[in-house]
Amino acid sequence: MSGKLLSDDAVLEEISRLLSLRQRTLGNLAAIGYQKLAFGSVSDALRLLYAEQPDAEELEQMDLFMISDIRRNRDGMLEIKFFDRLKALEKLDAAAREDNAGVAGLMEAIGRGAQTVGGGDDD
């Protein structure tokens, strides 16, 4: 039975549509994460750095998304490493360029189609 479903064009088109939607969704989530890394605040991380003994509730309320690594050394000092903002900006820039290239390609294809339909006139 499942073999018949997978050979049905409508089923294959729906699977393709859902996979494409999933890909776009994941891409959008990644862009949101890179935006947060590039432009987000580190104030909660600094509060953590200077807090004596933060309790669990205090930690739950902190936005520590920007932190890539936390360590406490032998002396009890807290070491915090942050994600690289410049790399996040580079990823955002690359994604924007890719989107722009896709839009430019689409506009070019529309233009070629319009010329074909219009008889090739450039007026």
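The values are calculated or read from the model by the stated rules, or taken from the named source; none is laboratory data. The model shown is predicted, which means the values in this text are computed figures rather than measured ones. Neighbour counts are summed over all protein chains in view; Cβ atoms, including those assigned to glycine, are modelled from backbone coordinates with ideal geometry.
Condition first: loosely packed, with under 10 Cβ neighbours inside 10 Å and not charged (D, E, K, R). Now tell me which residues in the stretch 62-81 satisfy that.
N73, G76, M77
Can you tell me which residues in the stretch 28-52 are surrounded by fewer than 13 Cβ atoms within 10 Å (Cβ to Cβ) and farther than 26 Å from E79 by Cβ?
Result: N28, L29, I32.
Mind checking which helices (runs of 4 or more DSSP H) fall wholly inside the stretch 1-58 and carry at least 2 residues that are over 30 Å from K91 (Cβ atoms)?
Correct list: 2-6, 9-39.
Based on what the data block shows, is R17 of a type in the set (K, R), exposed (fewer than 13 other Cβ atoms within 10 Å of the Cβ) and not assigned by TED's automatic domain parsing to the domain that holds D99?
Here the answer is no, as R17 does not meet what is asked.
Yes or no, residue by residue, for (1) at pLDDT 90 or above; (2) under 27 Å from A31 (Cα atoms):
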| site | (1), (2) |
| --- | --- |
| S43 | yes, yes |
| A51 | no, no |
| K81 | yes, yes |
| G105 | no, yes |
